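One structure is given below, encoded as C-alpha cells.
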Amino acid sequence: MVTNQQQVKFYEDMVRVMLWEQRAMRLMQEGKVLAGYHSGRGQEAIPVGAITPLRDSDCIMYAHRGFGYTIQKGMSMVDMFADLMANVGGSTGGLGAGIPHFADPKLGILGQGGTLGTCFPIAAGAGFSAKYRGTDEVTICFFGDGTSNRGTFHEALNVASIWKLPVIWICENNRYAVSVPSEKSTAGRIVDRAIGYGIPGRSVDGMDVVSVYEEVTEAIDRARSGEGPTLIEAECYRFRGHHEGDPQVYREDGEIDEWRRRDPIESHRQRLIDNEVAAAEQLDGLQAQMASEVELAAQEAENFPMPGPERVFQGV
Amino acid sequence: MSDDSNAPLNVRTFSQAISDALDEELARDDSVFIWGEDIGTYGGIYGATGGLFEKHGPERVIDTPISETFIVGGGLGAALTGLRPVVELQSGGYFGIAMDELYNKVARWRYMHGGKFTVPMVVRLPEGAKGAGQEHDVSPEALFLSAFGAEIVIPSTPADAKGLLKSAIRDDRPVLFFEHAVLYATSGPIPPGDHLVPIGVADIKRPGSDVTVIAWSRMVIEALKAAEELDSEGIDIEVVDPRGLRPLDKDTIFESVEKTGRVVIAHEAPKTGGAGGEVAAIIAEEMIECLEAPIVRVASKDVTLPQSRHLQQYVLPQAAQIVDAVRSIS
C-alpha cells in the first residue's frame, strides 16, 4: 500500500518535473539554450513512479524525453539548468546544451546515448556487474516504443533472461516514434515480447503514477531476490511534439484532447482531493513551493560563465 | 593453458602470451572478467583463452550469445559500474556490427558525460588476413583513429602481446587491442615475472641507419625478413614498431627519421584509408625538412580482399614489397 505521505510526494515530484521543464522552455525561448529539446510533458508519472523505489546505488539508463529521470534520481536542478545552457555550472562542465549527457556515478545515473537503443546492452552490462559484485542492486532501462524496434533490444533482453540479470526494462509507449504511429512500426504488443524471452511482462497505465510505482516495485523485488528481469510496458502519451518545433501533423484529430483528460498530474491531484488525502490548498502550496525551488535553481544556474577553449580537451 | 611441453618455459606462442596475460590479470584483480563467443569451454577459436574457464570459472570466463552489440555495450555497462571487462569480438571483422558501441559509446562515453566516468575496458579484436573471407580478414584499426577516447594497441610479438595486454587491462581508458590472427601461432621469448609493456611507446625491432621502416602487426615480421635481404645488399634498415596508433609515439618515430631521412610505412590494411596515410602526414607536417626522399607506403592493394588464398598473394603486402619500397628510395 502506498502511504498518504508518499501519495502527496508523488504529486510534489511530478510537479517539480513539470515546472523544471516549463522553466527550461523559457530559457529556450530566451535563446539561452543552443540545442533542441524533447519534452516529457504528459509522461511524468513514469520516471517519478519508477524511480521512487530505487536506492542511490541502483542504476538507471534514462530516455531522452524530459528530465524527470535525473531529477527524480537526485541530480541537482542547478547543474541540469546549467547543462542546458552549456555553462561551467553544468554537470558536464559546459559540454551540455539541449540534450545533455547527464551522468553521476554516485547516483547510479549511467548517462545516455544519442543513438536510440544504446541503452539496452549498457543496462544489461550494469545488471551483470551488480550480480558479479555480489550486490542486490538493480538497473532500470527506460526506452520508447520506437526504440523497442532496435536489434540491441533483442541482444540485451535475451542475455538478461538467460543470465537472470537484475534489470527492469520499462517501455514508455507514447504511441509515436517521432512521427510514425506504433501500429505502423511495431509488430504485436511490446509487452508480449516478454513471453518469448521467458520473463515476466506487465502492462501498466503510464498515466497513473501509483500503478507505475506498484508495478515497478514488484519488478524490483523480483530482481533483488535473484529472479531476473521484467519487461514493463507503460501506456502513455506525450502532450507536445517529438521536439520543440515539431509541426505534429501526424496526430489524429481529437486524440490529444482525449489524452489530456488523463493528465498524470491533474488526475493524481484530483484523486488526492477526492480521497481526502490532501486538500487543494495544500497541493497549491506545494506547487508554489516547487515553483520557487525551480526558479531559484534556474537563476543560480544562469550565473555561471561559459567555458573557455581549454574545456574542449578536458576529460577526453 | 595449452602448453607445448617441448618449448622452453620462457618461449610462448602469441596466443599463449594472450592467455597468460589474461590468466595473470584474472588472478591479480577480482574486478577483471572476460567474455566473448566460444571463449569458455572451447578456449577461443584461436586458443587465446585456453584453460581460463577451467581455472577461473564460469562467473569470470563467460561464453556470450552471438550478440556483438551486447558483448561491447554490455562490457561498457560493466566498466561504468566498477568492473574491468576484457571482451573479445571473435573476429575483428565484427567491428561493424558493434560499431555504434565501439565508436560512439566505448570511446566517447567518458568525454560526452563530462569526464564523470572512467572506462577501464579492453576490446580484443583478432584481425588480419587468415583465409576466413572478406568480412573477417580485415585490419580496421585506422577506422578508430577518430574515436578519440580509445587507445589503439597492436602487438607484433608474444612478449609485446603479453606485456601490452596486461597494461591495457590495468589502464583506466578503453583500449582497442588488435591481434593479427596469423601471429597467434608465432612464438618468442617472454621476460619472466610481471611483464608489462607501456602503452604508447614504440619499439625499435631492428636498429639501422639507412631507411626507417615503420611497421606494425604482421608487417613487423615481414619488415624483419626484408631487413635480412636488404642487409646483403648493404642497405641497413631500422624497423620501428609503434605497437599501436594512439597514443602514437612520435618521438621515437621522429628520432629514427631524423637519423635516416627516408621512410617506408608498412601495414596490412589497404593503402587508401589505412593509418599509413596519417603517419606519413604527421612526418611530412612536422619534419619534411629531414626527408631526403618521398615517403613510401606498403599496404594491401585497394580492393576487397579476395577469399581465395591464391588471389590474396596478389593483394597482401609481404617482405618483397618492403624490399622494393626501400630500394626505390635508397
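Students often get this wrong, so check it: of A:Lys106/B:Lys166; B:Lys130/B:Lys271; B:Lys130/B:Lys259; A:Lys106/B:Lys162; B:Lys105/B:Lys162; B:Lys105/B:Lys259, which have C-alpha atoms separated by over 30 Å?
Numbers: A:Lys106/B:Lys166 28 Å; B:Lys130/B:Lys271 19 Å; B:Lys130/B:Lys259 36 Å; A:Lys106/B:Lys162 34 Å; B:Lys105/B:Lys162 26 Å; B:Lys105/B:Lys259 41 Å.
Too far apart for the 30 Å limit: B:Lys130/B:Lys259; A:Lys106/B:Lys162; B:Lys105/B:Lys259.
I'd like to know how chain B sits against the 2.2 N^0.38 Å rule of thumb: what's its Cα Rg over that expected value?
Details: Rg = 19.4 Å, N = 330, 2.2 N^0.38 = 19.9 Å.
Compactness ratio reported: 0.97.
Against the longest principal axis of chain B, how steep is helix B:250-260, in degrees 0 to 90 to the nearest 10, with axes from Cα atoms?
Taking the Cα atoms of chain B, the angle to B:250-260 is about 20 degrees.
Helix-only estimate, please: 222 nm mean residue ellipticity of chain B, summing -39500 (n - 2.57) across DSSP H runs of length 4 or more and dividing by its residues, to the nearest 500.
On the way: 10 runs with 103 residues, N = 330.
Using -39500 (n - 2.57) per qualifying helix, the result is -9500 deg cm²/dmol.
How about region A:6-83: which GluC sites (Glu not before Pro) there lie in a loop by DSSP and see at most 12 other Cβ atoms within 10 Å? Intermediate results must be reported in sequence, preceding the final value.
Numbers: sites: A:Glu12, A:Glu21, A:Glu30, A:Glu44; in loops: A:Glu30, A:Glu44.
Sparse-neighbourhood loop GluC sites (Glu not before Pro): A:Glu30.
What are the residues of region A:102-124 that lose 50 Å² or more of accessible area, with a 1.4 Å probe, going from their chain alone to all protein chains?
The answer is A:Pro105, A:Leu110, A:Pro121, A:Ile122 - residues whose exposure falls by at least 50 Å² when every protein chain is included.
Antiparallel as a % of all DSSP beta bridges within the protein assembly as shown, to the nearest 5? Don't jump to the answer; show the numbers that get you there.
On the way: 11 of 64 bridges.
Bridges in the protein assembly as shown are about 15 percent antiparallel.
If every alpha-carbon in region B:11-189 counts as one equal scatterer, what log10 I(q)/I(0) does Debye give at q = 0.09, 0.14, 0.15, 0.16 1/Å?
Summing over Cα pairs of region B:11-189 leads to -0.26, -0.66, -0.77, -0.89.
At most 16 other Cβ atoms within 10 Å plus a DSSP loop assignment makes a site exposed; report the longest stretch of chain B without any exposed GluC sites (Glu not before Pro). Mind dumping the intermediate values first?
Working: sites that count: B:Glu59, B:Glu135, B:Glu233, B:Glu292.
Longest stretch, sites excluded: B:136-232.
Is the shape of region B:243-301 rounded, prolate or oblate, going by the alpha carbon gyration tensor and its root eigenvalues a ≥ b ≥ c, with a/c under 1.5 for rounded and a/b larger than b/c for prolate?
Oblate, because a/c is 1.5 or more while a/b does not exceed b/c.
Looking at region B:46-151, which chymotrypsin sites (Phe, Trp or Tyr not before Pro) are in a loop (DSSP not H, G, I, E or B) and have at most 15 other Cβ atoms within 10 Å? Provide the component values of the computation, followed by the final result.
Numbers: sites: B:Tyr46, B:Phe53, B:Phe70, B:Tyr94, B:Phe95, B:Tyr103, B:Trp109, B:Tyr111, B:Phe117, B:Phe144, B:Phe148; in loops: B:Tyr46, B:Phe117, B:Phe148.
The qualifying sites are B:Phe148.
Could you work out which residue, out of A:Lys184, A:Lys106, A:Lys73, moves most in a Gaussian network model of chain A, that is, has the largest mean-square fluctuation with Cα springs under 10 Å?
Of A:Lys184, A:Lys106, A:Lys73, the most mobile in the Gaussian network model is A:Lys184.
Show that you can apply the helix-only estimate: for chain A, add -39,500 (n - 2.57) for every DSSP H stretch of four or more residues, divide by all residues, and state [θ] at 222 nm to the nearest 500. Before the final figure, lay out each step's value.
Values: 12 runs with 138 residues, N = 316.
So the calculated ellipticity at 222 nm is -13500 deg cm²/dmol.
Considering only C-alpha atoms, what is the centroid distance from region A:195-259 to region B:267-330, in Å?
Value for the Cα centre distance between the two parts: 55 Å.
Across peptide B:101-109, what mean number of C-beta atoms from other chains lies inside 10 Å of a residue's C-beta?
Working: counts 6, 0, 0, 4, 7, 0, 1, 4, 7.
Average per residue, whole number: 3.
Once the cut-off is 44 Å, how many percent of the Cα-Cα pairs in the protein assembly as shown end up in the long-distance tail? Please report the intermediate quantities before stating the final value.
Details: 62729 of 208335 pairs.
Across the protein assembly as shown, Cα pairs with separations above 44 Å total 30 percent.
Given Cβ point charges of +1 (Lys, Arg) and -1 (Asp, Glu) and nothing else, what value in debye, to the nearest 20, does the dipole of region B:11-189 about its Cα centre take? The partial results should precede the final answer.
Working: 15 positive and 24 negative charges, 99 e Å.
Rounded to the nearest 20 debye, it is 480 debye.
With a ≥ b ≥ c taken as the square roots of the eigenvalues of the C-alpha gyration tensor of region B:123-201, please select rounded if a/c is under 1.5 and otherwise prolate if a/b is larger than b/c or oblate if it is not?
Taking the square roots of the gyration eigenvalues as a ≥ b ≥ c, region B:123-201 is oblate.
For chain A, just say rounded, prolate or oblate: build the C-alpha gyration tensor, square-root its eigenvalues into a ≥ b ≥ c, call rounded for a/c under 1.5, and beyond that prolate if a/b exceeds b/c, oblate if not. Please report the intermediate quantities before stating the final value.
Numbers: a/c = 1.35, a/b = 1.14, b/c = 1.19.
Cα axes put chain A in the rounded bin.
The values are calculated or read from the model by the stated rules, or taken from the named source; none is laboratory data. For clarity, every value in this text was computed on a predicted model and none was experimentally measured. As a convention, Cβ positions derive from the backbone with ideal geometry for all residues, glycine included, and neighbour counts pool all protein chains shown. Protein only, heavy atoms only, side chains kept; ligands, DNA and RNA dropped before computing areas. Shrake-Rupley method; radii C 1.70, N 1.55, O 1.52, S 1.80 Å.
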